[in-house]
Structure formats: C-alpha cells, structure tokens
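Colleague: Below is a structure I'd like to ask you about.
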Amino acid sequence: MKKILIINGHPNLKSYNFALAEAYREGASSTGAYVEQINLAELKFNPNLEFGYTQRIELEPDLQSSITKIMAADHLVWIHPVWWGGFPAVMKGFIDRIFLPGITFKYRENSLWWDKLLVGKTARIITTLDQPAWYYWLYYSSPSVNQLKRSILGFCGVRPVKVTYLGIIKQANPQRRDKWLRQIYQLGRTQT
C-alpha cells in the first residue's frame with residue numbers, strides 16, 4: 001500500500017487549495033492508498049530559523065510529527081498558491097525548520113558533497129496562480145516550483161517531482177474550478 005502525504009501550504013483554511021487537497025485525498029483513498037495530510041495553517045511552530053544552521057532550535061511537537069510523516073511517506077504532494085512568485089511565508093518557515101542537516105540531508109565531513117536522506121520518495125507539486133501558467137514559466141521562470149523541486153526536494157533526493165499548474169484562479173468560474181478538482185482527483189487515483 002502506497003503511503004501518501006499531502007502538505008497544504010496555504011495559510012487560509014477556507015481557500016481553494018483545501019478543496020484541491022481534499023480532491024487528491026479522495027482520489028488516492030479510493031485506490032486503497034494510505035493518505036495523511038499536514039495543513040500548515042493548523043500547525044503551531046515558530047517559522048523563523050533564528051540561528052541558521054549554527055545552533056539547533058528545539059523542534060515543536062507539530063514539527064516533530066511532520067518529520068515523522070514525511071519520513072514514512074512514499075509520495076509527497078505539495079499544494080500551495082504562488083504569492084509574489086514564491087510560496088507563502090508559513091510554508092517557507094516550515095521548510096526552513098524541518099529540512100535540516102541530519103534530517104533530510106547530511107553534510108559529508110571535509111567535502112562539498114552531501115547525502116540525500118529522502119531518496120526513494122517521489123513528489124507532486126500542485127500550485128495555484130493568478131496568472132497563466134505559461135506566463136509564470138516564460139516570464140518568471142517558475143521560481144516557487146524551481147525552489148521546491150530542485151533546491152529543496154531534489155537536494156534531499158526526492159525524484160521524480162512532477163508539477164501541476166492551475167490558473168488563473170481569481171478569474172475561474174465554478175465550472176472551471178470543478179474541472180480542476182476532477183483533474184486533481186484523477187492525479188490522486190494515479191498517485192503521480
């Protein structure tokens with residue numbers, strides 16, 4: 001049985017991103033997959049990596065639980081809006097606090113190289129935009145996706161990482177939003 005973890009990076013519990021997360025969950029669950037979800041909006045933690053990597057900050061219980069879920073998952077599904085070209089601050093803080101040396105990667109002594117501690121996991125990024133996906137890709141080079149896909153997940157060994165862009169959200173009518181929900185449900189069924 002495949003273990004799937006949905007990580008919802010939207011800070012608003014009533015956002016469309018939550019409907020997308022539920023659609024993926026329902027699709028994956030319908031195949032018998034084991035699905036867990038982390039809603040960053042519900043976690044209690046300090047998003048500031050106050051001392052960088054020079055001094056370890058005690059991890060709050062919600063972050064400890066999140067690490068356990070990430071390590072147990074086979075497939076990670078990241079859902080987030082694009083704000084100012086990136087993801088919400090709470091999501092950046094979540095990543096800063098738990099994607100740490102010794103947890104998701106490990107520096108090698110006297111080397112420029114590192115060990116990737118999330119090898120064997122795959123991921124899907126589902127991102128919502130208030131611009132066409134082609135414009136975000138062509139004009140801005142998809143900065144939030146590049147950061148999450150390459151600089152974070154790829155750095156830690158997660159591959160492949162597939163991407164689904166949904167936009168223009170603010171102009172989407174109910175029929176378009178329903179179509180996207182059906183699309184994400186099907187992604188959940190295929191677990192890719």
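The values are calculated or read from the model by the stated rules, or taken from the named source; none is laboratory data. Owing to the predicted nature of the structure, the values given are computational and were not obtained by experimental measurement. Note: ideal-geometry Cβ built from the backbone for every residue, glycine included; neighbour counts use all protein chains shown. Each accessible area value is taken on the protein alone, full model and side chains, heavy atoms only, with ligands, DNA and RNA left out. Shrake-Rupley method; radii C 1.70, N 1.55, O 1.52, S 1.80 Å.
Colleague: Can you find, within segment 26-52, the residue that is least open to solvent (accessible area, probe 1.4 Å) among those that are under 14 Å from the mean Cα position of the chain (by Cα) and touching a residue at least 40 places away in the same chain (Cβ under 8 Å)?
Modeller: LEU40
Colleague: Any residue that is β-branched (Val, Ile, Thr), closer than 23 Å to ILE4 by Cα and in contact with a Cys (Cβ under 8 Å, 6 or more places away or on another chain) - is there at least one of those in segment 90-110?
Modeller: There is at least one residue in segment 90-110 that is β-branched (Val, Ile, Thr), closer than 23 Å to ILE4 by Cα and in contact with a Cys (Cβ under 8 Å, 6 or more places away or on another chain).
Colleague: Residue check, GLU58 against (1) assigned to a strand (DSSP E or B); (2) surrounded by fewer than 18 Cβ atoms within 10 Å (Cβ to Cβ); (3) not hydroxyl-bearing (Ser, Thr, Tyr), all met but one. Which one?
Modeller: Exception for GLU58: condition (1).
Colleague: Please verify whether segment 86-108 includes one or more residues that are acidic (Asp, Glu), over 15 Å from the mean Cα position of the chain (by Cα) and open to solvent by 40 Å² or more (accessible area, probe 1.4 Å).
Modeller: no
Colleague: If you check SER151 against the conditions, is it farther than 19 Å from THR68 by Cβ, among the polar types (S, T, N, Q) and in contact with a Phe, Trp or Tyr (Cβ under 6 Å, 6 or more places away or on another chain)?
Modeller: So SER151 does not fit the description; no.
Colleague: If I ask for residues that are among the hydrophobic types (A, V, I, L, M, F, W, C) and touching a strand residue (DSSP E or B) at 6+ places or on another chain (Cβ under 6 Å), which ones from segment 1-42 would you list?
Modeller: Those that are among the hydrophobic types (A, V, I, L, M, F, W, C) and touching a strand residue (DSSP E or B) at 6+ places or on another chain (Cβ under 6 Å): MET1, ILE4, LEU5, ILE6, ILE7, LEU20, ALA21, ALA28, ALA33, VAL35, ILE38.
Colleague: On to the next question. Can you pull out every residue in segment 17-43 that is farther than 12 Å from ILE79 by Cα and β-branched (Val, Ile, Thr)?
Modeller: Hits for segment 17-43 are THR31, VAL35.
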